[in-house]
Each structure stands twice: as structure tokens, then as C-alpha cells.
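Here is the structure we will look at, set down as C-alpha cells.
Just so you know, all these numbers are worked out from the coordinates, no wet-lab data involved. Values in this document were obtained by computation on a predicted structure and should not be read as measured data. No Cβ is skipped: glycine too gets one built from the backbone with ideal geometry, and neighbour counts run over all protein chains shown.
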Amino acid sequence: MSTLDFNQMLLSNAEFLRPFAITLTRDSETAKDLFQETMFRALANREKYNVGTNIKAWLYTIMRNIFINNYRRKAKQNTVFDNSANDFLLDFNQVATANNAIGNINMKEVNEAIYNLPEIFKNPFLLYFDGFKYQEIADMLDEPIGTIKSRIHFARKLLKAHVERF
């Protein structure tokens, strides 16, 4: 099917979508947007249309899927703009304020676990944690690079085992 034939068929069958869009959105402006998005998607995906299939059903499906996706996106976002001087975002789903005390306690425990590591693992791990590369650590500690890699690996395993208990 040529592009011209598809466009003519699309335009001749598009008017039935307007009442369906109003039924879905219950708002004429939002319905216009939904109709426009549906027509855009139909044109953009014309190669996916199989000749001989019901174009009305195909367009209904496109419109319904766009509406559902937009609805889910809005339900997930659920934010409102506060037009005060600082333009804050208010989140309706937030029922409590953030409490940094638990995060600070957990970080304190992780730091304690790091400093309770055996010296053989702690030194290479702290250097790696500070951003040094394996070769630089190996040169600083005068050890082979494979030894440094394995010590950092074992330090991670010990820390993981300690942190998983919490």
C-alpha cells in the first residue's frame, strides 16, 4: 500500500476517533491532544499496519494504549507544581519526611566494619576506595597486582557479609 493510499484511508476513518477520545479523557482539550498523538503514531507506524485489517480497530487500539500509558505515567508521577517564588515540587505520595538518622547509623556501621578489617585487607581496600588504581596500590604497598586485587576482593566479601547481617 502506498503512503498516499494509507494517508487517505487514515483521514477517511479518523473522525470516529474524536468521540472515543472524549469518552476516554472527559476533557475536550485533552481529547484533542490524544487524537493528535494517535494520528501521529499511526502515521509513524504505517509500516506496521497490515493491509486488509480493520483500520478502525487498529486506530482504536493505538488510542487506547496511548491513553493507558499516559494515565499510568500520571498516576506514577502524581506531582503538583507549587507556583511560589522557588517553584517547589510537591509529592502527594510522600507521607513522611526523610530521616537521615538511619542512614547515618548505617554509614557509621559500614565505616566501623571497614576499620575492623584485618590490616592486610584494610589498607588496599581503603586506597582503592580513595580512588587509586590497582597498579598504583601495588606500587605503594610493594606487592604484586594480583595480590592487591585478591585482597580487595576478599575485603569486599567480608564487608558484604558484615553488612548483610543488618
*Rounded, prolate or oblate: which one fits the stretch 100-164, using the alpha carbon gyration tensor with axes a ≥ b ≥ c (rounded when a/c is under 1.5, else prolate when a/b beats b/c, else oblate)?*
prolate
*Among the lysines, which have Cα under 29 Å from the Cα of residue 149 when same-chain residues fewer than 8 positions away are ignored?*
108, 122, 133, 157, 160
*Return the FRET efficiency for the residue pair residue 30, residue 157: r is the Cβ-Cβ distance, R0 is 41 Å, and the value is rounded to the nearest 0.05.*
0.15
